[in-house]
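The values are calculated or read from the model by the stated rules, or taken from the named source; none is laboratory data. Quick caveat, the model's predicted, so the values are computed rather than measured. Glycine also receives a Cβ, built like all others from the backbone with ideal geometry; neighbour counts cover every protein chain displayed. Remember, those area values only see protein heavy atoms, side chains included, never the ligands or the DNA or RNA. Shrake-Rupley method; radii C 1.70, N 1.55, O 1.52, S 1.80 Å.
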Amino acid sequence: MSAKNTAYRWRPAELADIGAIHDIQCVAHADHPEERSVLLERLELCPQGCFVLERNGAISGYVLSHPWLRRAPPPIDTRLGAIPEGADAWYLHDLALLPGTRGSGAGAKVSALLAEQARLAGYHTVALVSVNGSQGFWERQGFSARMDDALASKLESYGGQAVYMERNL
């Protein structure tokens, strides 16, 4: 059965999901893994921006997002401490899917879900850093690259293919 024909669903992430989230990111981002405490902090700071992809009770993907400052992505594998005063964008920290879920439409579905979360929270921009050659996927979701020299230096911790992108809502 193809991934498109399986019953995946996004549901709000819970603290108990952090083990699965960490395991998935170790597979999806093997070259740039983050500490479990970093992922947990994102979930604690903004639970309404965090979801897991489930099929038959098994988690096969996740997304972590939160309010943040435009054009100022935090370094990878770094705790935030708090959502900054004056946050002016909804920041998609990470979307990771296990290989078997790719092509299921789950990424596009959660992109739309996060845009709605951002709108409900009063934000007009969703921002992210595209990694691992995912820029084309994000462009299909309505994001555009917004790179300059200052951003390029901020993205060094993300790896060579990192591109800062935004989507206006």
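Checked against (1) out of contact with any Ser or Thr (no Cβ under 7 Å at 6 or more places or on another chain); (2) open to solvent by less than 50 Å² (accessible area, probe 1.4 Å), LEU69 passes all but condition (2). Here the stretch 99-129 is the region considered, the condition is being within 13 Å of ARG71 (Cα to Cα) and in contact with a helix residue (DSSP H, G or I) (Cβ under 6 Å, 6 or more places away or on another chain), and the residue that is modelled with the highest pLDDT is VAL126. Residues in the stretch 113-137 that are touching a residue at least 12 places away in the same chain (Cβ under 8 Å) and open to solvent by 50 Å² or more (accessible area, probe 1.4 Å): LEU113, ARG119, ALA121, HIS124, ASN132, GLY133, GLN135, PHE137.
Restricting attention to the stretch 66-100, the residues that are in a strand (DSSP E or B), in contact with a Lys or Arg (Cβ under 8 Å, 6 or more places away or on another chain) and within 13 Å of ALA118 (Cα to Cα) add up to 2.
So, ILE76, is that one within 18 Å of LEU98 (Cβ to Cβ), of a type in the set (A, V, I, L, M) and surrounded by 17 or more Cβ atoms within 10 Å (Cβ to Cβ) or not? The answer is no for ILE76.
Which residue is most open to solvent (accessible area, probe 1.4 Å), if the candidates are limited to the stretch 6-61 and must be assigned to a helix (DSSP H, G or I) and free of Cβ contacts under 8 Å to residues at least 24 places away in the same chain?
ARG36
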